[in-house]
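As structure tokens, the structure follows; a few thoughts come after it.
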Amino acid sequence: MKIGFDNEKYLKIQSEHIRERIAQFDGKLYMELGGKLFDDHHASRVLPGFKPDSKLRMLAQLRSQIEIVIVVSADDIEKNKVRADLGITYDEDVLRLRDEFMSRDFMVGSVVITHYDGQHAADQFRHRLERMGIRSYIHYPIDGYPHNVELIASDEGFGKNDYVETTRPLVIVTAPGPGSGKMATCLSQLYNENKRGIRAGYAKFETFPVWNLPLKHPVNIAYEAATADLNDVNMIDPFHLEAYGKTAVNYNRDVEIFPVLNALFEGIYGENPYKSPTDMGVNMVGFCISDDDACCEASRNEIIRRFYDATNKMADGADNENEISKIRMLFNQAKITTAFRRTTTAAYEKKIESGHTAAAIELEDGTIITAKSSPLLGCSAALILNATKYLAGIDHEAKLIPQSLIEPVQKTKTEYLGAKNPRLHTDEVLVALSVLSQNDERSAPRDAQLAENCRRALEQLPKLRNCQVHSTVMLSEVDRKIFKKLGCGLTCDPVRKK
């Protein structure tokens, strides 16, 4: 994977820019944090060199100035809304986020429960927070939000909300997911701070779309693919163009809401310190791209990855035709087909040649390794064996796992555990390699050589990180998790195993 992003430069200039934004106001800035903080894998895929925790590492440079407020919607608590990527409810994720921040020595000041209208589950959660010694505050629904500016910027609107007591110059407002009320919490605090004679500021920290890249740059198109299920649309910021005569990229929701925000700022301060939604952002990612071609290539691969994710969801029963149609349209904008992803073509050709389901991986040096399913191994398990043998310099024809070892495992799976598929999965192959890699001094030379080969093969696993994989069949959850742990970018044809 060619590096296309200067992560060290990003850590430096992003933190400096946030310090400058704090200084623009009375030493008090509320910053809405969008996107993922601990594990921004989308950014690391489209900006090769960007570390998944880069934003967290950047904020660590400002740790002594930061206080974190976590926001959660009472409606989401009541509905037991679940984070799809983690499989936990939003209220549980609030506690997870708090623990994650505190384990890194960040100050978590409080939790704000928004959209509160007497929900019983929200009351229970607040009592739980109280028992844990966590301060919590309540914010209420406002009729006509966000368009009824006169009511919102009044004592019957934001003034009705609890004032969140904070002590540090930079207040990071984050949440388990979208729609939690982060922006409303920030604006409510601006109103209530202003009533107390404090001219606090507001900023938005979101990585995508990248405002100073072209509208149809592959990095920005990849963001549209990532949010195709939300139907977000990148667009030229008309307010920025009018104010400065310069082109900047934003997305439809921020552009649509800006006139309302402008009126709210005027209602709170008498004037708006920002002339465009782009002005509100503090994102410096676009200045840290060191190899545009590398980022373009990675982003085109990401668009294809999102397409396969969407088609796999449909194969699992999701009603997401619009999402798939949107990404197909983005293919045209990016001037690509699925054939741009080399592993896709290689896996398909292996399937045609062998007559079996197949998989392919592109290694760091550009080498493509393929594998097919057999009565003993699934194509993904065979692929890991083939790839590690290649990297270890082991002859392709050498058998790492004897058939005499595989057959008893298959018997246990099918006869005792009721599995329909007797083939070994990736995790079972890795366990077998681990067992066989242990050499007994009393072993025969042939067994000693086998142990040595298995050990060498296992040592190659770290070299699979960031490699791209494609399968002509949808892999099991077990296989998907193994590739994720190995750090591989996996895509699958929307074909279920028979």
#### Entry: Whichever aspartates and glutamates have a C-alpha closer than 17 Å to that of Lys351, once near sequence neighbours (fewer than 8 apart) are set aside
Glu362, Asp493
### Task
For the range 1-44 and the range 480-498, write down the distance between their C-alpha centroids in whole Å.
31 Å
### Summary
Reduced to Cα centres, the span from the range 239-304 to the range 170-198 in Å works out to 19 Å
### Task
In debye, nearest 20, what is the charge dipole magnitude of the range 382-442 about its Cα centre with +1 on Lys and Arg Cβ and -1 on Asp and Glu Cβ, if you could check?
220 debye
#### Entry: Within straight-line cross-link reach of Lys9, lysines at Cα separation under 19 Å, skipping those fewer than 8 residues along the same chain
Lys51, Lys55
## Note on the structure
In the list (i) 26.2, 86; (ii) 24.2, 79; (iii) 21.8, 73, the entry giving Rg and Dmax of the Cα atoms in Å computed from the coordinates is (i)
#### Entry: Residue-level accessible surface for Phe331, protein heavy atoms, 1.4 Å, Å²
20 Å²
### Summary
Checked against the positive end of the charge dipole of the chain (+1 on Cβ of Lys and Arg, -1 on Cβ of Asp and Glu, about the Cα centre), the farthest of Leu37, Tyr163, Thr388 is Thr388
### Query
Against the longest alpha carbon principal axis of the chain, how many degrees, from 0 to 90 and to the nearest 10, is the axis of helix 445-459 turned?
20 degrees
### Query
What do you reckon, how do Leu187, Leu230 stack up by accessible area (1.4 Å probe), largest on top?
Leu230, Leu187
### Task
State in Å² the accessible area per residue of the range 46-197; use a 1.4 Å probe, count heavy atoms of protein chains only, and round to the nearest integer.
43 Å²
#### Entry: Estimated dipole of the chain in Debye, rounded to 20 [Cβ of Lys and Arg +1, of Asp and Glu -1, Cα centre]
1320 debye
### Task
Taking all protein chains together and a probe of 1.4 Å, list Lys204, Lys335 from the most accessible to the least accessible.
Lys335, Lys204
### Message
Students often forget the sequence filter, so: which aspartates and glutamates lie under 12 Å Cα-Cα from Lys28 once same-chain residues fewer than 8 apart are removed?
### Response
Glu20, Glu67, Glu193
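If DNA, RNA and ligands are ignored and the probe is 1.4 Å, what is the ranking of Met329, Met58 by accessible area, most exposed first?
Largest to smallest exposure gives the sequence Met329, Met58.
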### Query
Cα centroids of the range 136-157 and the range 341-416: how far apart, whole angstrom?
59 Å
### Query
Roughly how tilted is helix 379-392, in degrees to the nearest 10 and between 0 and 90, from the longest Cα axis of the chain?
80 degrees
#### Entry: Distance violations [Cα-Cα > 22 Å] among Lys2/Lys389; Lys79/Lys204; Lys216/Lys326; Lys313/Lys484
Lys2/Lys389; Lys79/Lys204
#### Entry: Extreme residue, positive dipole direction of the chain, given options Leu377, Gln438, Gly27 (C-beta unit charges)
Gln438
### Summary
Rounded to the nearest 10 Å², the accessible area of Tyr274 using a 1.4 Å probe with every protein chain kept is 10 Å²
### Task
Could you tell me how many degrees, from 0 to 90 and to the nearest 10, lie between the Cα long axis of helix 182-195 and the main elongation axis, the longest principal axis, of the Cα atoms of the chain?
30 degrees
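The values are calculated or read from the model by the stated rules, or taken from the named source; none is laboratory data. Predicted, not measured: the structure shown is a model, and the values here were computed from it. Every residue, glycine as well, gets a Cβ built from its backbone with ideal geometry; the counts of neighbours run over all protein chains shown. Calculation scope for accessible area: heavy atoms of the full protein, side chains included, ligands and nucleic acids excluded. Shrake-Rupley method; radii C 1.70, N 1.55, O 1.52, S 1.80 Å.
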